[in-house]
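Okay, so here's the structure we're looking at.
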Number of protein chains: 2
Amino acid sequence: QVEFEYDGPSMKTQVPGPRSQELTKQLGDIQNVGAVHFFCNYEESRGNYLVDVDGNRMLDVYTQISSIPIGYNHPALLKLMTNPNNLSAFVNRPALGILPPENFPDKLTESLLSVAPSGMTRVQTMACGSCSNENAYKAMFIWYRNKERGHNTPSDEDLSSCMINQGPGCPDLSILSFMGGFHGRTMGCLATTHSKAIHKLDVPSFDWPIAPFPKLQYPLEEFTRENAQEEARCLEEVEDLIVKWRQKGKPVAGIVIEPIQAEGGDNHASPDFFKNLRNIARKHGCAFHVDEVQTGGGATGKFWAHEHWGMDDPADIVSFSKKLLTGGYYHRDELQADKPYRIFNTWMGDPSKNLFLAEVLNVIRRENLLEEVTRSGKALLHGLYELQAQYPGLLSRARGQGTFCAIDIRDDATRNSIILKARDKGVLLGGCGERSIRFRPALVFKEYHVHLFLNIFNDVLAQLK
Amino acid sequence: QVEFEYDGPSMKTQVPGPRSQELTKQLGDIQNVGAVHFFCNYEESRGNYLVDVDGNRMLDVYTQISSIPIGYNHPALLKLMTNPNNLSAFVNRPALGILPPENFPDKLTESLLSVAPSGMTRVQTMACGSCSNENAYKAMFIWYRNKERGHNTPSDEDLSSCMINQGPGCPDLSILSFMGGFHGRTMGCLATTHSKAIHKLDVPSFDWPIAPFPKLQYPLEEFTRENAQEEARCLEEVEDLIVKWRQKGKPVAGIVIEPIQAEGGDNHASPDFFKNLRNIARKHGCAFHVDEVQTGGGATGKFWAHEHWGMDDPADIVSFSKKLLTGGYYHRDELQADKPYRIFNTWMGDPSKNLFLAEVLNVIRRENLLEEVTRSGKALLHGLYELQAQYPGLLSRARGQGTFCAIDIRDDATRNSIILKARDKGVLLGGCGERSIRFRPALVFKEYHVHLFLNIFNDVLAQLK
């Protein structure tokens, strides 16, 4: 198996083509298909190119909602599948919390722990991003209550009241989150998600505090003072909310935040903002949870987006999923649940995903992909700046770190139209926030892919103008 | 690859042996290992036998918390892995909700839909049992609110209030669950889980109604009248709670129940109880959700435990995971979310698990495994009755359907001691409830495995007496 990629997009039909439409109709008898874009031929997809069932080959700058780390059908991953020593990990999925396989500690060490955030030597795998955050929240609640108790022995009243969902066993604790944030869609996570109404509508929730996330003005260098004021305003609001919710009898056990609000519109804040937020958490005795489900895995040019803050002690908990292929969270030692079966479920992750992750990390190191991302990201952002200068009424607020970039379009309708037009020209893009396009290529997106993309994007914009 | 199984347990050391202890210490630097039983050599495990890292070979009557459908390293599953056409499904995990693979509708049809519960033609896959139940609850809330509205167009107030976790957009709806039930550990699921305090302690919850689950007296034929009264009492309480919570302004959108309360102690109820409960749900306009995460997949002798109720319209939602290898839920047409992205996440399941499931279902049909289970289950329950007659002070309440059996031990300490002693003799068992042992063999557990198990179990009991 040699590394092999197509030399560019190749379009045979509009997208979705006739075969995709037929399959969408078929699937519509089984599921709601309102979100289906088209059907894929994953066998024929390679590297940065996704091939659909009508033979269209598209440059993928969205990568399955940012979840494909090193492109489609990477030879290293295919090779892993042909190694007979690995078969058992796929065929016999264990209950990891009680009966782990022999190589589990070694696999964790060579995969997840080899990229552990600063200050963290402990990690818990989970099946997906939502479960990772749910369990991270539970870990923070458990830690907080033991801190309140001064010991970890629950009272008889704790034990009996929790069985019927009542306090003190089920305490009125809260997680502070940010407007525009996205942390998943299960009910605990959903109470901290505030990016789109359709995610939350009709689902009961918790009365938890929600702080404003800074709305920075661009270009950053022209609005230094305003942006600093905006960040200070948000931090002040965070402290006010912590005090207010403590007074309400619903103390904030933890603060959860994304390094870049991804679903919510690629909203950035400065390293100083995060440093100050970390200090506020510490001052008020709240755990600090950095959700790297979308930002983690290298797309910002560092393995974790929080590394851009330059802190030795960036967080108490860092959760991940998507490009890491397995979900889970790292945590500082104090955040480990004090007793077994408190953080637990049947599968607790999936060792077959750890196998893939270990190989992905090998590829990232061998091919210096973080440097590639930094290089491609510079070219991408530079290209976006140029386009934004060229189409000032249409584009604004080009921003990003590594290839984790975004740009705003003048309105929602135009944004959606650009995404569809680009697709028909062979480029897959995704939206985020109210009127942004987010760029989420795989780590193997090289400078020549950037230029290929920018040319097509330019064509689309020229037609719109 | 020929089908191959060991001819019995073979023990080299106490369990955990020295190698397991060494690995537990190693893993203890990374995770809480309080729940780890021992480390496994999955490569050497076969059929009903789990081999550990110290070379001990044990008859597995617990099967990774009831999640291994057709034993370890089944040749059919290994063969599937060597088919090059399947590689892509493992290496390229799609965002199923937007970009499904070409064979997805066909794979759903040949796998999950081929065993769909009566009255259901629609299924949504999810990554695990908790996510399945969380999304099933969301589907019930969405359905209920649209019913309340009389249409599915949310008001501006709905849309703005839900963004900040407040009503009417985040309504005060509830799910009615049962004391002793287990439905998962994420925060929505956990509010309906009431089996052990350690699962719930310190985690905020919802004020949702909790009904008593019938406590049947055994042998059933001696307590017909008492058990009927007990079931009537519980049903009456259900109706009272529905009325009470409606008056409290927290209407019951759905009722969730297991056909056999599994974690909670293998608590059974009669088909009449479930029929009446289904009718109460219908009468009060609540959705009826049957959680078959542990009971589904054939262990009761029917593919779904609810089939024993003999109803054409058993439920509005049936959720599954574990032996089905993928999580998810079936639902009646009305329970489908009206708009895309309401029930959604990045992965929405995993097509590689659907591949395995399709093959597992082929094996179940080809080898008539449901009949085997019925036969083995009769032998198992008969054997338990005999042992219970032989050790009346020690054992009681033998019960079960298919091989999904349990027996009560005189107290918690004795129960735990029996499980450990059986393990050192080469039989793996699990506990449930306060003092029960649950039997959860794979579907390939034949009559001779039953006798092998009963002999060893008898030895353990004889030593205890």
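Just the number, please: carbon plus sulfur as a percent of the accessible area of the protein assembly as shown, 1.4 Å probe, no ligands or DNA/RNA counted.
Values: 15400 of 31570 Å².
Ligands and nucleic acids excluded, carbon and sulfur reach 49 percent.
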Do you know the relative contact order of the stretch A:1-145, to the nearest whole percent, from alpha carbon pairs under 8 angstrom that are 6+ apart?
18
Taking each label point as 7 Å beyond Cα in the direction of the beta carbon, state the distances from B:G34 to the same residue in the other copies, shortest first, in nm.
4.4
Listed here are the pairs A:K323/B:K339; A:K322/B:K323; A:K25/A:K425; A:K244/A:K283; A:K107/B:K12; A:K200/B:K138; which of them are more than 19 Å apart at the Cα?
A:K323/B:K339; A:K322/B:K323; A:K25/A:K425; A:K107/B:K12
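For the interface of B with A, what's the total buried accessible surface in square angstrom, probe 1.4 angstrom, rounded to the nearest hundred? Spell out each step's value before the answer.
Numbers: alone 21190 and 21200 Å², together 31570 Å².
Interface area, both chains combined: 10800 Å², rounded to the nearest 100.
Within 10 Å of each Cβ in peptide B:180-187, how many partner chain Cβ atoms are there on average? Round it to a whole number, please. Mind dumping the intermediate values first?
On the way: counts 1, 0, 0, 0, 5, 10, 13, 11.
Taking all residues of B:180-187 together, the mean is 5.
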Expressed in square angstrom to the nearest 10, the accessible area of B:Y49 with a 1.4 Å probe stands at 0
Once both axes come from the Cα atoms, what is the angle between helix A:271-283 and the longest principal axis of chain A, in degrees from 0 to 90, rounded to 10?
20
Tilt of helix A:412-424 relative to the longest C-alpha principal axis of chain A, in degrees (0 to 90, nearest 10)?
50
What nm distances, shortest first, do you get from the label point of A:E148 to those in the other copies when the point sits 7 angstrom along Cα to Cβ?
2.8
The protein assembly as shown: antiparallel DSSP beta bridges as a percent of all, rounded to 5
65
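May I ask for the Rg/Rh ratio of the protein assembly as shown, computed from Cα atoms with Rh as the Kirkwood radius, given to two decimals?
Numbers: Rg = 27.2 Å, Rh = 28.4 Å.
When Rh is taken as the Kirkwood radius, the ratio is 0.96.
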Relative contact order (percent, whole number), the stretch B:354-465, Cα cutoff 8 Å, 6+ residue spacing:
28
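Rounded to the nearest 5, what % of DSSP beta bridges with both residues in chain B are antiparallel?
Details: 29 of 43 bridges.
So the antiparallel bridges amount to about 65 percent of the total.
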Nearest-ten-degree value, helix A:447-464 long axis tilted from longest Cα axis of chain A
80
Using θ = phi - 60° and Karplus 6.51 cos²θ - 1.76 cosθ + 1.60, couplings along the stretch B:192-198 (whole Hz; Gly, Pro as x):
10, 9, 9, 10, 9, 4, 4
Ranked by accessible surface with a 1.4 Å probe, highest first, in what order do A:R397, B:R415 come?
A:R397, B:R415
What is the magnitude of the charge dipole of the stretch A:93-365 about its Cα centre, with +1 placed on the Cβ of each Lys and Arg, -1 on the Cβ of each Asp and Glu, and no other charges, expressed in debye to the nearest 20?
400
Ignoring everything except DSSP H segments at least 4 long, calculate the 222 nm mean residue ellipticity for the protein assembly as shown; use -39,500 (n - 2.57) per segment, divide by total residues, nearest 500.
-12000 deg cm²/dmol
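What percent does the relative contact order of chain A come to when contacts are Cα pairs within less than 8 Å and at least six residues apart?
Numbers: 884 pairs, mean separation 96.0, N = 465.
Relative contact order of chain A: 21 percent.
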Report B:T193's accessible area, 1.4 Å probe, all protein chains in place, as a number in Å² to the nearest 10.
0
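Just the accessible area per residue of the protein assembly as shown, please: how many Å² with a 1.4 Å probe? Show your work: numbers first, answer last.
Working: 31570 Å² over 930 residues.
It amounts to 34 Å² per residue over the protein assembly as shown.
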What nm distances, shortest first, do you get from the label point of A:L78 to those in the other copies when the point sits 7 angstrom along Cα to Cβ?
2.5
Please say if the stretch B:93-365 is rounded, prolate or oblate, where rounded means a/c under 1.5 for a ≥ b ≥ c the square roots of the C-alpha gyration tensor eigenvalues, and otherwise the choice is prolate for a/b larger than b/c and oblate otherwise?
oblate
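Using unit Cβ charges (K, R positive; D, E negative) and no other charged atoms, how large, in debye to the nearest 20, is the dipole of the protein assembly as shown about its Cα centre? The partial results should precede the final answer.
Numbers: 100 positive and 112 negative charges, 20 e Å.
Dipole magnitude for the protein assembly as shown comes out near 100 debye.
The values are calculated or read from the model by the stated rules, or taken from the named source; none is laboratory data. Computed from a predicted structure; not experimentally measured. A quick note on method: Cβ atoms are made from the backbone with ideal geometry, for glycine too, and the neighbour counts reach across all protein chains shown. Areas reflect the complete protein model, heavy atoms only, side chains present, ligands, DNA and RNA absent. Shrake-Rupley method; radii C 1.70, N 1.55, O 1.52, S 1.80 Å.
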